[in-house]
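Only one structure is covered here, and it is reproduced in the block below.
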Amino acid sequence: MSEARYNSLEEFKKFREEMNKEILERGTLNTKRFWALDGAVYKDGALDSKTKELMGLVASLVLRCDDCITYHMIRCAQLGVTDEEFFETFDIALIVGGSITIPHVRRAVSTLLEIRRLQASGKSVSI
């Protein structure tokens, strides 16, 4: 289980970019294939990207991966997920994952509030 280590979405984004670059420069072919597959599965198909990102958010909450949660929160916001859709998604994670997911739902809501503040000030939210 990871713990949140970032004071802002900007810090998260910067760390993620730096470490992804390092991993992809030094990683094996298998690492690069996994990175490519991870990006490909979230593209529109029988399920649209928004649905897939919401599914990724549920899985991340249940697995209690804060970095993953932050990533999927940002992607969902980019795809136009409403607050109501976020909170219904949190409900699914709570049912599947149980009460142990509550601290991660709290952090997800904190991330959502930061995303909405950035959007309200006219700043784009990206990953």
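Taken together, the values in this text are just the output of simple stated rules run on the coordinates, not laboratory data. None of the values given here were measured: they were computed from a predicted structure. Reconstructed Cβ throughout: ideal geometry from the backbone, glycine too, with neighbour counts over all protein chains shown.
Given the choices [x] 27.0, 95; [y] 17.8, 61; [z] 14.7, 41, Rg and Dmax of the Cα atoms in Å derived from the coordinates of this structure is entry [z].
Determine the dipole magnitude for region 1-54: charges of +1 sit on the beta-carbon of Lys and Arg, -1 on that of Asp and Glu, nothing else is charged, the reference point is the Cα centre, and the result goes in debye to the nearest 20. Spell out each step's value before the answer.
Values: 11 positive and 11 negative charges, 36 e Å.
Its charge dipole is roughly 180 debye.
Computed about its Cα centre, the charge dipole of the chain is approximately 300 debye, with only Lys, Arg, Asp and Glu carrying charge at their Cβ. Straight-distance candidates among the lysines for linking to K52, with alpha-carbon spacing under 20 Å and chain neighbours fewer than 8 residues away dropped: K43.
No disulfide-compatible partner, judged by a Cβ distance under 4.7 Å, exists for the following cysteines of the chain: C76.
At full extension, N30 and R116 could sit 27.3 nm farther apart than now, given 0.36 nm per residue minus the alpha carbon distance. Taken along its principal axes, the alpha carbon cloud of region 33-81 reaches lengths of 28, 26, 16 Å, longest axis first.
Against the chain, whose longest principal axis is taken from its Cα atoms, helix 66-78 shows a tilt of about 80°.
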